[in-house]
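In what follows, a single structure is set out as structure tokens and then discussed.
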Amino acid sequence: MHTINSIGFVGVGDLAEYTIQGIRRGGFSGTIYLCPRNRKMSAQLAATWDCSVLDSNQAVADASECLFISTRPTHCIDALKALSLQPGQLLISVVAGMQLAALRAVVPEQTEIVRAMPVNAAQAGASPTLVYPRHATVEALFDYCGDSIGLETEAAFDQGSVLACVYTWYFSLFEQIIQSTSNAALPPDKARQLVLGMAQGAASLALQKAASPGEIATAIATEGTFSKLGLDMLQQQGAFAPWDEACQLLLQRMSYQA
Ligand SMILES: NC(=O)c1ccc[n+]([C@@H]2O[C@H](COP(=O)([O-])OP(=O)(O)OC[C@H]3O[C@@H](n4cnc5c(N)ncnc54)[C@H](OP(=O)(O)O)[C@@H]3O)[C@@H](O)[C@H]2O)c1
């Protein structure tokens, strides 16, 4: 499998920052080029994570074997239109909701395009990064900051991208549970440790078991248990239905086309 020796970022914001941190911490030793816009962040990343800030987007495109387009969706198409990409260059788009067809319309036919969706757990080496279409070299790159998950269809990628947002909701849920369970007896730092540890434990167990997470819950929350008492109350109050509705809403919105 081919190994990527140089990557470049057009769009140096939050995503570029956490992805660079993640892949550097994971051992990526290739060259990383950054565009000059957002100079403060570029300079900080250059100093901390061994990146080179170039003079223009085009200089980054010219120098990089693999180019990330990592602007917000509204800037992405204009930024790509202004670039001249090399034949056979690899373009990774992390732009949420931007379909391959919209990207294909503004880059040369020979440019390989791969969509990817790292989340900020990349900083902790724990991003389950969606990749479409399957691409061994790109998947290996994202394995530096977690486990890449190659997908066979763009519909699967769009559906999976919803989970990159659900990921954010987990933090809000954790925060709510910390607030609900900390009191004079259990200080917030201990509640935090327990809430996050229990979440990590639940995810670790569910990843190992053949049973679905729902089946694991049912097996634990049996008749007469405190776990069932609380779970029944959450279900009776409709606590799970809004999660379904929010996921459907995002899926509709993510069919954004340029
Ligand atoms: N952050 C996340 O958690 C996350 C997760 C999944 C996917 N994504 C995707 O990643 C992309 C970037 O998100 P982000 O959170 O990193 O956004 P961000 O923090 O706003 O960073 C985007 C950067 O792109 C710059 N930019 C805009 N137009 C440019 C151009 N023509 N040339 C060079 N740079 C340009 C912006 O500069 P200005 O500020 O000067 O405009 C900004 O520094 C988005 O498309 C988003 O959908 C993000």
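Some observations on this one:
- The range 185-255 versus the range 14-47: alpha-carbon centroid distance in Å: 35
- Within the accessible area of the range 161-253 (1.4 Å probe), percent carbon and sulfur: 63
- For the range 197-210, putting each phi into the Karplus relation 6.51 cos²θ - 1.76 cosθ + 1.60 with θ = phi - 60° gives couplings of x, 5, 5, 5, x, 4, 5, 4, 5, 4, 5, 8, 8, 6 Hz, in residue order, rounded to whole numbers and with x for Gly and Pro.
- Of THR225, THR218, the order by accessible heavy-atom surface (1.4 Å probe, DNA, RNA and ligands excluded), from most exposed downward, is THR218, THR225.
- Heavy-atom accessible surface of the range 6-151: percent carbon and sulfur, 1.4 Å: 49
- Most fluctuating residue given options GLU154, GLU112, GLU245, as computed from a GNM of the chain linking Cα atoms under 10 Å: GLU245
- At a probe radius of 1.4 angstrom, the accessible area of the chain per residue rounds to 55 square angstrom.
- The figure for ARG192 is an accessible area of roughly 140 square angstrom, using a 1.4 Å probe on the protein chains alone.
- Beta bridges by DSSP in the range 1-148, antiparallel share as percent, to the nearest 5: 10
- Highest-MSF residue in the chain out of SER93, SER70, SER212 [GNM, Cα springs under 10 Å]: SER212
- Solvent exposure, largest accessible area first (probe 1.4 Å, DNA, RNA and ligands not counted), of MET41, MET98: MET41, MET98
- Beta bridges per DSSP, both residues in the chain: antiparallel share near 10 percent.
- Distant-in-sequence amide H partners of ARG115 (H built 1.01 Å from N, under 5 Å): SER93, TYR132
- Projecting the Cα atoms of PRO36, THR74, SER6 onto the dipole axis of the range 6-151, where Lys and Arg carry +1 and Asp and Glu carry -1 at the beta carbon, places THR74 farthest toward the positive end.
- Near ILE149, the amide H atoms lying under 5 Å from its own belong to THR129, LEU130, VAL131; only residues 5 or more places off or on other chains count, and H is placed 1.01 Å from N.
The values are calculated or read from the model by the stated rules, or taken from the named source; none is laboratory data. Remember, predicted model here, so these are calculated numbers, not experimental data. Because the Cβ atoms are built from the backbone with ideal geometry, glycine has one as well, and the counts that use them run over all protein chains shown. The protein model used for the area step is the full one, side chains on, heavy atoms only, and it has no ligands, DNA or RNA in it. Shrake-Rupley method; radii C 1.70, N 1.55, O 1.52, S 1.80 Å.
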